[in-house]
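To keep things clear, I will list the structure first and then write my remarks on it.
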Amino acid sequence: AQRVTQPEKLLSVFKGAPVELKCNYSYSGSPELFWYVQYSRQRLQLLLRHISRESIKGFTADLNKGETSFHLKKPFAQEEDSAMYYCALKRGGSNYKLTFGKGTLLTVNP
Amino acid sequence: EPEVTQTPSHQVTQMGQEVILRCVPISNHLYFYWYRQILGQKVEFLVSFYNNEISEKSEIFDDQFSVERPDGSNFTLKIRSTKLEDSAMYFCASMNGVGEKLFFGSGTQLSVL
């Protein structure tokens, strides 16, 4: 069975500081990894996925199969980045059954 | 941007009662999902629905749960006889095609008393 672990429940940084939200997974096959974000009083929305290899709002994430990680990074955090961030995994070929981590609440202080 | 709409935003019910949670997916989407999140816990997959039938369901989705797309626009989740442990935020989601982006609704907070 697949599992997604986000070790930090809370992460607090100052504006302009680098931020890294950790995500580790366990899955024996080839997963697809995603980061979802939920801003205050808004819906869950896709931030980025590893197959796109894109940067959204300055965030990047690289799938490291050796370390089974998909950490989310941003070099300079902004106050508007404060939100709940969820890492999620989809089995290859699966019908979008996502396995989520518990989430990390990021607070960016002024 | 088009949105997935869920109603009501909050639902309070007595244990043992039936509840129906309603969702209007994005109009040209073909794949539909329900997820839930118990307070303080992970978002969990319940069920996926495509071509008018369930394509996958989790062990949570037992005989007390059912889904329906009655009229080509709504997508409903019914819980026949609610239990206290069904209290959670229920999210509907939809997608246009395989490999496309999944869009979530804003959720229905279900409280079973």
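See the values below:
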{"quantity": "Filter result for B:Gly107 (on the phi > 0 side of the Ramachandran plot, away from chain A (no Cβ under 14 Å) and open to solvent by less than 60 Å² (accessible area, probe 1.4 Å))", "calculated": "no"}
{"quantity": "Any hit, the stretch B:18-27, residues being touching a residue at least 12 places away in the same chain (Cβ under 8 Å), open to solvent by 90 Å² or more (accessible area, probe 1.4 Å) and either assigned to a strand (DSSP E or B) or of a type outside the set (Asp, Glu) (or both)", "calculated": "yes"}
{"quantity": "Where B:Gln41 falls short, out of the listed (1) loosely packed, with under 15 Cβ neighbours inside 10 Å; (2) touching a residue at least 24 places away in the same chain (Cβ under 8 Å)", "calculated": "(2)"}
{"quantity": "Single residue of the stretch A:19-62 satisfying the filter (more than 14 Å from chain B (Cβ to nearest Cβ) and of a type in the set (Lys, Arg)) that is farthest from A:Lys9 (Cα to Cα)", "calculated": "A:Arg53"}
{"quantity": "Residue list for the stretch B:82-104, restricted to those being touching a residue at least 40 places away in the same chain (Cβ under 8 Å), open to solvent by less than 50 Å² (accessible area, probe 1.4 Å) and farther than 14 Å from B:Gln11 by Cα", "calculated": "B:Cys92, B:Ala93, B:Ser94, B:Met95, B:Gly97, B:Leu102, B:Phe103, B:Phe104"}
{"quantity": "Residues located in the stretch B:8-58, provided they are away from chain A (no Cβ under 11 Å), within 30 Å of A:Arg3 (Cβ to Cβ) and of a type in the set (Asp, Glu)", "calculated": "B:Glu53"}
{"quantity": "Positions within the stretch B:1-46 being of a type in the set (Lys, Arg) and within 15 Å of the chain's Cα centre (by Cα), in sequence order", "calculated": "B:Arg22, B:Arg36"}
{"quantity": "Search result, residues across the stretch B:67-88 that are in contact with a Leu (Cβ under 9 Å, 6 or more places away or on another chain) and in a loop (DSSP other than H, G, I, E, B)", "calculated": "B:Thr82, B:Ser87"}
{"quantity": "Cβ-Cβ under 9 Å pairs, at least 6 apart or on other chains, the stretch A:3-22 side without any contact (Cβ under 8 Å) to a residue 12 or more places away in the chain, far side in a loop (DSSP other than H, G, I, E, B) and not β-branched (Val, Ile, Thr)", "calculated": "none"}
{"quantity": "Those residues of the stretch A:23-33 which are in a strand (DSSP E or B) and in contact (Cβ under 8 Å) with a residue 60 or more places away in the chain, in sequence order", "calculated": "A:Tyr25, A:Pro31, A:Glu32"}
{"quantity": "Residue in the stretch B:78-87 that is of a type in the set (Asp, Glu) and at the interface with chain A (Cβ under 8 Å from one of its Cβ atoms) present", "calculated": "no"}
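The values are calculated or read from the model by the stated rules, or taken from the named source; none is laboratory data. Being a predicted model, the structure only gives us computed values, none of them experimental. All Cβ positions, even for glycine, are placed from backbone atoms using ideal geometry, and neighbour counts span all protein chains on display. The accessibility values were calculated without ligands, DNA or RNA, using every heavy atom of the protein model including side chains. Shrake-Rupley method; radii C 1.70, N 1.55, O 1.52, S 1.80 Å.
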